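Note sheet for the following structure.
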Amino acid sequence: MEWNSKLSILVNHNNDLRQLYDKGYALSIDSGFLVIRDIPYLDEHRILQTGAIISKLIFIDDKHVKQEDHQIFFCGSHPCQLDGSFIPNLGGGVTSLQLVSSDIIVQRSFSNKPSQGFNDLFEKVESYVTIISGPAIELFDANPLTFRVVEINDESVFKYTDTLTSRAEIGDLSIKFKDETIAIIGLGGTGAYLLDFLVKTPVKEIRGFDLDWFHVHNGFRSPGKMELNELGKRKSEVYQNRYEGFRYNLNIYSKYILTNSIEDLKEVTFAFVCVDKGKSREEIFNLLIKMKIPFIDVGMGLERENSQISGTIRTTYYSEENAAELMNKRLAPLDDLPDDIYKNNIQISELNALNACIAIIKYKQLRGFYIDDEKFYQQLFTIDGFNCVGE
């Protein structure tokens, strides 16, 4: 089965899928779902129609799957009996689902669970086909077993099937990121957590920039497991190796972003600035504003007061329209103070992670993934009162 490598692998390792394929069902794997096309049924006028059954899959690994539940999605109107009335006992209702295939438009879900449940996908599909296609088979001698080859161009940025999206049925939201090229400028504590979150977001490309070395203290404020052989390498190499097995189009560079870094940021649609030097931040801001790239700048100011730590976490969004104006407000430090060299730069992993969380949530609000009622351009979280204030 050279025609569909993903389906070929699953059919060769799952007996229930093999049974469906050998019997002649038109199978494909689309966006983490099992799709069975060419399902005949009668509409309310007793006219022969063709629909598709879609079933959720649980991916145990890259070769083995199982059914998630007894329900299905259906592409088509409500199937009818020989007299034109709706087939009964098909619970569920009108719904939608985002798939890659342009010919599959999910319109409803069905639920018809036998008392003993379904043992596997073969049993499940056979049961629903009997219910849905029975009248069409009787009236028109229709046949759901077409042995049709269905090729799906299901190109994903992930090297594993994104079952998180399919199980949550949020494909229509995740698709909002498909044309995004994101730059993360600075891979310190907050930048490293932002990278971790973005790696699992279906953006088209991620570019990371950092010239610094990865030392023990970096391991204490970065996500994931630290390996001994990572110490003393460039951060770019460490993070490239950590995440390149998860997704495609991840490019992390051993360099700083400077005034002349125009080529590095070409085609970038959004940037995160995660640097702790004021002059570097100013240089990066000017470049992003010049290139009309919207961005979020993150930062934290932590201080030890007697025996405790206090401080504030900041997340500031600079849109293409108001970036220059906000920069002039100096919401983010754009200078290096003379005594900065003597100051303790306190960084703590949970606060780095929180700073990254607020930043990624803001970005996803901007892209319409999360609701944004307030549309703040700056948010400040204070540790002392556990308050989040926006403006």
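Taken together, the values in this text are just the output of simple stated rules run on the coordinates, not laboratory data. Please read all numbers here as calculations on a predicted model, not as lab measurements. Don't worry about glycine lacking a Cβ; one is built from the backbone with ideal geometry, like all the others, and counts go over all protein chains shown.
Among the residues of the range 254-277, those identified as buried (at least 17 other Cβ atoms within 10 Å of the Cβ) and either more than 22 Å from the chain's Cα centre (by Cα) or polar (S, T, N, Q) (or both) are Tyr256, Ile257, Ser261, Asp264, Leu265, Val275, Asp276.
No other residue among Phe220, Phe214 is surrounded by fewer than 17 Cβ atoms within 10 Å (Cβ to Cβ), over 21 Å from the mean Cα position of the chain (by Cα) and more than 18 Å from Phe295 (Cα to Cα) apart from Phe220.
I'm trying to understand the selection: among the residues of the range 223-251, which are among the hydrophobic types (A, V, I, L, M, F, W, C) and either within 19 Å of Ala353 (Cβ to Cβ) or exposed (fewer than 15 other Cβ atoms within 10 Å of the Cβ) (or both)? Met226, Leu228, Leu231, Val238, Phe246, listed by residue number.
Looking across Phe118, Phe86, Phe122, one residue alone is over 32 Å from the mean Cα position of the chain (by Cα) and either surrounded by 18 or more Cβ atoms within 10 Å (Cβ to Cβ) or among the aromatic types (Phe, Trp, Tyr) (or both). It is Phe86. List every residue pair whose Cβ atoms lie under 7 Å apart, where the two residues are 6 or more positions apart in sequence or sit on different chains, the first residue falls within the range 255-274 and is under 11 Å from Ile184 (Cα atoms), and the second residue, located anywhere, is surrounded by fewer than 20 Cβ atoms within 10 Å (Cβ to Cβ) and among the charged types (D, E, K, R). Matching pairs, first to second residue: Ile257/Asp264; Phe270/Glu180. Residue count for the range 39-85 under the criterion of being without any contact (Cβ under 8 Å) to a residue 12 or more places away in the chain and either under 30 Å from Ser5 (Cβ atoms) or not in a loop (DSSP other than H, G, I, E, B) (or both): the result is 2. Flag not set for Leu48, criterion: crowded, with 23+ Cβ neighbours inside 10 Å and either out of contact with any Gly (no Cβ under 6 Å at 6 or more places or on another chain) or over 20 Å from Phe140 (Cα atoms) (or both).
Quick grid of which residues meet (1) free of Cβ contacts under 8 Å to residues at least 12 places away in the same chain; (2) among the hydroxyl-bearing types (Ser, Thr, Tyr); (3) in a helix (DSSP H, G or I):
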site	(1), (2), (3)
Thr190	no, yes, yes
Leu198	no, no, yes
Asn218	no, no, yes
Met226	yes, no, no
Val238	no, no, yes
Gly245	no, no, no
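Within the range 125-148, the set of residues being in contact with a strand residue (DSSP E or B) (Cβ under 6 Å, 6 or more places away or on another chain), small (Gly, Ala, Ser) and part of a helix (DSSP H, G or I) comprises Ser133, Ala136. Taking the numbered list (1) out of contact with any strand residue (DSSP E or B) (no Cβ under 7 Å at 6 or more places or on another chain); (2) assigned to a helix (DSSP H, G or I) in turn, Phe369 passes all entries but (2).
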